[in-house]
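> One structure, pasted below without further comment.
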Amino acid sequence: MKSILVEVCAGTHCTMMGAMNILDAIHSLEEFQADISGVCDIRVVAIPCMNLCRDTAQGPFVRVDGRLIPQAESESVMAAIMSRCQQTAGKE
Ligand code: FES
């Protein structure tokens with residue numbers, strides 16, 4: 001099963017911009033987890049500041065399998081995860 005890495009920046013700027021809400025949303029959406037279980041294994045980690053916030057106020061930043069999502073919201077992160085899951089599932 002393909003593993004998808006979701007990295008949520010937990011630095012000060014991104015936390016103030018709502019990164020923890022995104023983390024909570026990913027963890028608590030069991031319906032979402034049920035949809036993708038058996039197809040993709042989602043690994044969610046909080047990471048330190050990526051230094052992207054220094055020149056821009058576009059946080060919170062999230063990466064889904066290396067693809068950066070600026071101004072991330074729960075919905076956009078979920079959509080990116082689902083899209084990535086479908087892409088990788090199609091390749092196996
Ligand atoms: S706090 Fe997230 S990039 Fe700096």
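The values are calculated or read from the model by the stated rules, or taken from the named source; none is laboratory data. Given the structure is predicted, the values throughout are model-derived calculations rather than measurements. Positions of Cβ are generated from backbone atoms using ideal geometry, with glycine treated the same way; all protein chains shown enter the neighbour counts.
> Name the pairs whose Cβ atoms lie under 8 Å apart, with the first residue in the stretch 4-24 and at positive phi, the second away from the ligand (no atom under 11 Å from the Cβ), and 6 or more positions between them or separate chains?
Sorted first by the residue in the stretch 4-24, then by its partner, the pairs are 18/73.
> Where the second residue is surrounded by 15 or more Cβ atoms within 10 Å (Cβ to Cβ) and not β-branched (Val, Ile, Thr) and the first is without any contact (Cβ under 8 Å) to a residue 24 or more places away in the chain and lies in the stretch 47-67, which pairs have Cβ atoms under 7 Å and are six or more apart or on separate chains?
From residues that are without any contact (Cβ under 8 Å) to a residue 24 or more places away in the chain, the pairs are 67/80.
> Quick one: which strands (runs of 3 or more DSSP E) lie wholly within the chain and hold at least 2 residues that are modelled with pLDDT of 90 or more and touching a Cys at 6+ places or on another chain (Cβ under 9 Å)?
Correct list: 2-9, 40-47, 62-64.
> Return yes or no: is residue 77 within 11 Å of the chain's Cα centre (by Cα) and without any contact (Cβ under 8 Å) to a residue 60 or more places away in the chain?
Judged against the criteria, residue 77 is not a match.
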